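Reading through the structure tokens given below for one structure.
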């Protein structure tokens with residue numbers, strides 16, 4: 001019995017969130033090397049950039065799930081000094097490194113191959129960014145993942161999550177899973193800022209800090 005394409009896609013999506021790192025790496029490498037994600041190569045003008053410009057404080061950014069280096073190469077270079085991008089796909093990172101050289105940002109941008117869910121930073125940052133990558137964190141691990149990375153924020157630093165909360169094919173209807181993720185963030189963290197944008201997929205940028213816990 002053959003497995004239909006929709007079933008294969010569901011299985012792959014599940015494994016990219018819940019599978020072991022070696023399986024996730026194989027799946028992402030296949031998709032990036034096959035050109036499946038070429039459509040995301042240019043995201044100039046994305047709503048995340050105005051938020052990063054506000055919170056980076058001319059400091060440092062950790063980008064978890066950086067893909068082909070959009071943030072590192074499209075963000076105004078004057079608003080940050082140091083950037084570290086993490087991605088599980090070496091194919092995506094190779095594209096990011098080439099773009100960085102072309103743009104003359106070798107002195108600012110560093111890329112590391114790793115499963116960001118298990119990655120341990122080597123320094124602290126002004127902004128730790130999840131740009132759609134939060135989709136690939138299991139729901140039960142959202143709080144723990146954000147809590148863990150909170151330990152690597154500088155004083156005054158923030159966690160920033162950018163995600164789509166609606167499906168463009170549903171007439172702007174809210175998607176249950178992203179909505180549930182945002183609710184966890186709002187319930188468990190201090191929401192410093194929440195910006196929702198008027199687009200068919202309703203992009204949302206939420207800025208967080210950990211709560212003081214007794």
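The values are calculated or read from the model by the stated rules, or taken from the named source; none is laboratory data. From a predicted model like this one, the values you see are computed outputs, not experimental measurements. Positions of Cβ are backbone-derived with ideal geometry, glycine not excepted, and every protein chain shown enters the neighbour counts.
List of remarks:
- Within the stretch 20-59, the residues that satisfy the criterion of being out of contact with any helix residue (DSSP H, G or I) (no Cβ under 8 Å at 6 or more places or on another chain), at pLDDT 90 or above and either on the phi > 0 side of the Ramachandran plot or in a helix (DSSP H, G or I) (or both) are 47, 50, 51, 54, 55, 57.
- Tally of residues being in a loop (DSSP other than H, G, I, E, B) and crowded, with 16+ Cβ neighbours inside 10 Å across the stretch 73-94: 3
- Matching residues, the stretch 95-110, being surrounded by 21 or more Cβ atoms within 10 Å (Cβ to Cβ) and not in a helix (DSSP H, G or I): 109
- Filtered residues of the stretch 186-198 (kept if closer than 15 Å to residue 51 by Cβ and not in a strand (DSSP E or B)): 197
- Looking across the stretch 132-154, the residues that are outside any helix (DSSP H, G or I), out of contact with any helix residue (DSSP H, G or I) (no Cβ under 8 Å at 6 or more places or on another chain) and farther than 15 Å from residue 207 by Cα come down to 151, 152.
- Every residue from the stretch 171-185 that is assigned to a loop (DSSP other than H, G, I, E, B) and either under 16 Å from the mean Cα position of the chain (by Cα) or under 19 Å from residue 139 (Cα atoms) (or both): 175
- Contact map, the stretch 146-173: residues that are closer than 12 Å to residue 129 by Cβ paired with residues that are at pLDDT 80 or above and loosely packed, with under 14 Cβ neighbours inside 10 Å, Cβ distance under 7 Å, separation 6+ or inter-chain. Pairs shown: 158/192.
- Among the candidates 204, 165, residue that is at pLDDT below 90 and touching a helix residue (DSSP H, G or I) at 6+ places or on another chain (Cβ under 9 Å): 165
- Just one of the listed residues (126, 115, 198) is more than 26 Å from residue 60 (Cβ to Cβ) and either out of contact with any strand residue (DSSP E or B) (no Cβ under 9 Å at 6 or more places or on another chain) or modelled with pLDDT of 90 or more (or both), namely 198.
- Residue within the stretch 113-131 that is in a helix (DSSP H, G or I) and either touching a residue at least 24 places away in the same chain (Cβ under 8 Å) or surrounded by fewer than 19 Cβ atoms within 10 Å (Cβ to Cβ) (or both) present: no
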